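To start, the structure under review is shown below, and the notes come after it.
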C-alpha cells in the first residue's frame, strides 16, 4: 500500500485521501522499528550491525532467525533467550516495511498543500528522530519534516549595510537557500538590491522546478551565510537550523572568504521552493539589525551529519 500510495501521487492523484493511512502506517512502523533495534541489541549483541532494511526475503528471514536465536548454542557460550517466531516476525516486519512507508511520506511531504496540514507532524518528527540515527534511509524524510513554510527571515548584507525581509517556503536545505537568496536579492542598487551576485539562470532553475542538471557548470557561492550570533550557516544544514534573534531567524550575507562550488541539483525533485522578497528594509532599520548581530566567527569544522542532497558536495 505504501508503494501504491506514493506512485498514485507521483502520477497526479489527489493526495488528501492517502495522507491518513500513510501517516498511520509510518507511525506504527517507526515505533516497531525502535523496538526491533532494542531487541536486536539485547539478543544479537550491542556490537552486531543492524540489518539493512532492503526489500529482500533472505534479509527478512535472517533477521527473524537472529531474533529467535535459533542458531546452535555451544555449551560454553550462553546467549540471551530469543523471541517467539511471531514476535520476531512482527518486529522484523516493522523494521523492513518502514522504508516503504517513508518513501510514501517523502512523496506526500513534497506537496505544499499536504505538508502544511500534515497530521501529527511534530510527533512523527520525534519518532523519525529516534530511529533516523540507526537508519540512513530515513534522512530524506527527517529533512522534509523540518521544512519551513511561510517563514519570514531577516536577511542582512553586511558589506552594503542593506537589509531585507523575505518569506521562504519549501526550501529543502541551505544549498538551495543560498542560491535562491542570491537570485531574489539581486538587482538594481538604486532599488536597494544587490549588484553582482546574480546566479546563472540554470542554477536557479535546478534549485526550483527545472531540470536537475544543466550546462551551467557547478554553482559558485555568492556569499558566506552567517547567523545572528556569528556562526557560519553551513550549506549542508537546513533553514530550520538557523537560530532566532528577537523572534526572527536572521541570515547575514558576508563576502565568501574564498571560492567554493557545489553540484547543481536539489535534494527533493518534487519540492517547489519559494523565496519571496517582502520588502527592502529602510536604512535605519537595517542598521539597527546589523548593530545587534555578531561579527563572523572563524571557520570551524562542518556539522557532524550526513548530507543527502543528490550529487551535492560543498567544496570549501
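The values are calculated or read from the model by the stated rules, or taken from the named source; none is laboratory data. Keep in mind that what you see is a predicted model, and the values were worked out from it rather than measured. We place every Cβ from the backbone using ideal geometry, glycine too, and count neighbours over all the protein chains shown.
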Residues being over 25 Å from the mean Cα position of the chain (by Cα) and either closer than 18 Å to residue 173 by Cβ or modelled with pLDDT of 90 or more (or both) - total across segment 188-215: 11
Hits in segment 152-168 (condition: touching a residue at least 60 places away in the same chain (Cβ under 8 Å) and out of contact with any helix residue (DSSP H, G or I) (no Cβ under 7 Å at 6 or more places or on another chain)): 152, 153, 157, 159, 165, 167
Residue match in segment 7-21 (condition: in contact (Cβ under 8 Å) with a residue 40 or more places away in the chain, part of a loop (DSSP other than H, G, I, E, B) and farther than 17 Å from residue 132 by Cβ): yes
Lone unmet requirement of (1) assigned to a loop (DSSP other than H, G, I, E, B); (2) without any contact (Cβ under 8 Å) to a residue 24 or more places away in the chain; (3) more than 23 Å from residue 114 (Cα to Cα) for residue 258: (2)
Any hit, segment 299-307, residues being in contact with a strand residue (DSSP E or B) (Cβ under 8 Å, 6 or more places away or on another chain) and at pLDDT 50 or above: yes
Any hit, segment 101-113, residues being at pLDDT below 90 and part of a helix (DSSP H, G or I): yes
Segment 70-88 - residue that is surrounded by 15 or more Cβ atoms within 10 Å (Cβ to Cβ) and in contact with a helix residue (DSSP H, G or I) (Cβ under 6 Å, 6 or more places away or on another chain) and, of those, modelled with the lowest pLDDT: 82
Residue in segment 137-146 that is under 23 Å from residue 269 (Cα atoms) and without any contact (Cβ under 8 Å) to a residue 12 or more places away in the chain present: no
Hits in segment 22-55 - residues which are part of a loop (DSSP other than H, G, I, E, B) and farther than 22 Å from residue 82 by Cβ: 54, 55
